[in-house]
Amino acid sequence: FWSGGEIRIYSLASRERVRTLYIGDKQTHSALLAFSPDGRHLAATDGSRVIQVWAMREGSAPVALTAPRIPIQSLWFTPDGQNVVVSGRGDRYLRRLPVPGSP
């Protein structure tokens with residue numbers, strides 16, 4: 001669940017909040033989120049050029065990736081979970097950004 005710069009992660013089994021992550025500022029009205037296929041990482045952006053990637057099990061601080069061009073309109077993980085693919089508004093290209101710590 002996402003609201004005003006806050007991403008809330010809930011347990012499906014207990015329906016309790018297990019983690020709260022922050023992106024952008026409270027004025028942010030939209031966000032793009034993507035879980036890696038294995039559920040180990042969550043990538044999020046508020047539409048700017050910055051993508052934050054969290055390692056879900058470790059509970060560590062996010063790693064920031066920066067898209068090389070215009071603000072991001074869509075993002076997703078590759079099937080192997082080792083890269084985040086982004087595209088920007090009006091951009092004709094897809095850009096692949098390696099996830100830090102991936103082999």
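Give region 6-21 a look and list any residue that's among the small types (G, A, S) and within 16 Å of R57 (Cα to Cα), or say none.
S11, the sole residue that qualifies.
Right, S14: modelled with pLDDT of 90 or more and in a loop (DSSP other than H, G, I, E, B) or not?
Details: modelled with pLDDT of 90 or more: yes; in a loop (DSSP other than H, G, I, E, B): yes.
Yes, satisfied.
Please give the number of the condition S11 fails out of (1) without any contact (Cβ under 8 Å) to a residue 12 or more places away in the chain; (2) within 19 Å of G101 (Cα to Cα); (3) open to solvent by less than 60 Å² (accessible area, probe 1.4 Å); (4) not acidic (D, E).
(2)
The values are calculated or read from the model by the stated rules, or taken from the named source; none is laboratory data. Predicted model, so just to flag it, every value in this text is computed and none were measured. Using ideal geometry, Cβ is built from the backbone for each residue, glycine included, and neighbour counts are taken over all protein chains shown. Remember, those area values only see protein heavy atoms, side chains included, never the ligands or the DNA or RNA. Shrake-Rupley method; radii C 1.70, N 1.55, O 1.52, S 1.80 Å.
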